[in-house]
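Okay, structure first, notes after.
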Amino acid sequence: MERRKQVYQIAQEHNLLILEDDPYWFLRMKPYKSSTETDSTVNSEGELRSLFSMDVDGRVIRFDSYSKVASAGIRIGVVSGPKAIIEKIQLVQQGTTLHPSGISQAMLAGM
């Protein structure tokens, strides 16, 4: 967690964006931790905090994938971040992706 804090601090000092790509985040096992331990570096379930959850400046863009938690072949991802950046990503995506998989999207929406 200390390293995550250092990375975020460097990004703040140099006005950098952080691209956090963590498709396995939702597959983590909860750590073995005493219920009496408290630490601001972990969330309420005792897991390490993501850089996105620590973001106070709108500088972290997080990428998640449903291919690891829903189905190996589904190939659907999600991006989260500051609204202005997400809108730019959407514009690029609209101009470059001609035919996203409607079947995969419908299957995921039905889950």
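The loop-placed GluC sites (Glu not before Pro) in the stretch 44-89, going by DSSP, that have at most 13 neighbouring Cβ atoms within 10 Å of their Cβ come out as GLU45. In order along the stretch 57-67, the Karplus-derived 3J(HN,Hα) couplings, from 6.51 cos²θ - 1.76 cosθ + 1.60 at θ = phi - 60°, round to 10, x, 10, 10, 10, 10, 10, 10, 9, 7, 5 Hz, and Gly and Pro are given as x. Distant-in-sequence amide contacts of SER65, defined by a placed amide H-H separation under 5 Å and a gap of 5 or more residues or a different chain, comprise VAL78. When only alpha carbons are used to place a centre, the stretch 76-107 and the stretch 7-21 end up 23 Å from one another.
Laboratory data are not the source of any read-out in this text; all were calculated from the coordinates shown. These figures come from a predicted structure and were not determined experimentally. All Cβ positions, even for glycine, are placed from backbone atoms using ideal geometry, and neighbour counts span all protein chains on display.
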